Structure formats: structure tokens, C-alpha cells
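All of the numbers you see were taken from the coordinates with simple rules; none came from a lab. Since the model is a prediction, treat every value here as computed from it, not as a measurement. Here the Cβ positions follow ideal geometry from the backbone for every residue, glycine too, while neighbour counts run over all protein chains shown.
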Amino acid sequence: MMSPWLMLLILVSFLILLFILVPIRYELGFAYHAHLNLYASIRQGVFFRFAMEKMAGKSEFKLHMFNIPLSLSKGSQDNKKSKQKSGSSSPLAVLRNLFRNKTYRPLGKLMIRLFQAIKPKHLQIKGKYGFDEPHYTSWANMLLLFISSDSPNYQIHMEPVWDEEQLDIEGFIKGSITIAGITWHIIRFVLSPSFWRFLIDLSRDKKRKKLKIKPAIIH
């Protein structure tokens, strides 16, 4: 007879495998007609489902874990400003190391892969738009044409308005993503040699900065 602990281990491993492989589906619906109405949901099988709806200026949030509804409370906003610790690398040092060992190249590839993984499978937008400057409207028109040509499941019917500023739009976005796919792309980036050179250079900068800090002499 199988041990209860072994059965529990197999069950937990199976649930973890499902959690990694089952797609996380997201959906976003929006409409702007003088006011913004919004609906968004994220769900992953029976694991969880989160939905947010904003209608007529009122927002409603719903969360289900294993089909069990949970109440949501508003989180308090922390207004305290974070202080940079002594000896920590400045943003300029991080950027310098990033470009010096060419970590930005695999980082750029990572961002492209992540975008390809999470980009919507279905997209539909329709309405009218216009900016106060006609050339802004022209640029937006070219951008929309580029996006609509990216996939046959993208339907964009936006009519430009050239003589006035206007926004009257509605649409929806649907897509899915798996934790396994995202994890694989991140692992590939972390295992790249340039990423480790970046960490080594960052550590050296921290050591140099600590050596420059002299202890205060107490009289």
C-alpha cells in the first residue's frame, strides 16, 4: 500500500505542474464615450480568477481561489520615501555596467520574447479619434495600421478625425500566457554569460564605493 506521505507528495507535485502548465487567460474590455468604462479579468483554470469592473465611476473587484470567493480590502498607501542605502550602486553605475558588457542585447531579446509570449491573441477596436495636431493623428493612423497587420485576429476599425480633438472608442483584448513559458525565457537570460559579467561588474563597483567611504573619527 502506498504511503500517505508519498500520495500527498505526488498530489502536490501534480498541482504544481498543473499550475505551471495551465494557461493564464486575460481579458480586457474598454469603452470611452466621454467617460471610461473598463472590465478586466485574469483566470487560471480552477486555481484563481480575478475580475475588476469600473462603470459610471464606481469600481468593483472580485477574487476567487479554487472557486471560493474571497473578500478584497483596500490596501493602505505608503507615502514614505525610500532612501538609497549607503554603498548601493547608483542607477548610472548600473546602466554603465549594463552597456559595458553588452547585457542590453540579451535583455532586449528577453523583452521581445516576453512580448511575443504575452501579446493578445484577439484584439478588436473600433471608434473615432483625433488630436489637436494633424500630424499626431497621422502617426497614430500609421501605428494602428501596423498593429492591425500583425495578426489576422486583430480587427481595428478606427476612423481618424482631422479637424478636431476627439476620442470615441471601444474594444476588447484577449490572450493567454503560461508560467512555464515565461520561466523558460527568464532562465535563458539568467544563464547568458553577459548577465553574469553584469553581476560581477556591479559587485566590483559596490566594493570600490565601500573602499572610498572612510569611517568618521570621533574626538
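Among the residues of the stretch 125-137, is any surrounded by 15 or more Cβ atoms within 10 Å (Cβ to Cβ) and part of a helix (DSSP H, G or I)?
To start, the set of residues in the stretch 125-137 that are surrounded by 15 or more Cβ atoms within 10 Å (Cβ to Cβ) comprises 125, 127, 129-131, 137.
Still in the list and also part of a helix (DSSP H, G or I): 137.
For the stretch 125-137, residues surrounded by 15 or more Cβ atoms within 10 Å (Cβ to Cβ) and part of a helix (DSSP H, G or I): present.
Specify the residue that is nearest to Leu15 (Cα to Cα); the eligible residues are those in the stretch 149-179 that are part of a strand (DSSP E or B) and without any contact (Cβ under 8 Å) to a residue 60 or more places away in the chain.
Of the stretch 149-179, the ones part of a strand (DSSP E or B) are 154-160, 166-177.
Among the residues that remain, those that are also without any contact (Cβ under 8 Å) to a residue 60 or more places away in the chain are: 154-160, 166.
Details: Tyr154: 34, Gln155: 37, Ile156: 39, His157: 43, Met158: 44, Glu159: 48, Pro160: 49, Gln166: 49 Å.
So, considering only residues that are part of a strand (DSSP E or B) and without any contact (Cβ under 8 Å) to a residue 60 or more places away in the chain, the one nearest to Leu15 (Cα to Cα) is Tyr154.
So, in the stretch 26-52, how many residues would count as being closer than 30 Å to Ile16 by Cα and part of a strand (DSSP E or B)?
Looking only at that region, the number is 14.
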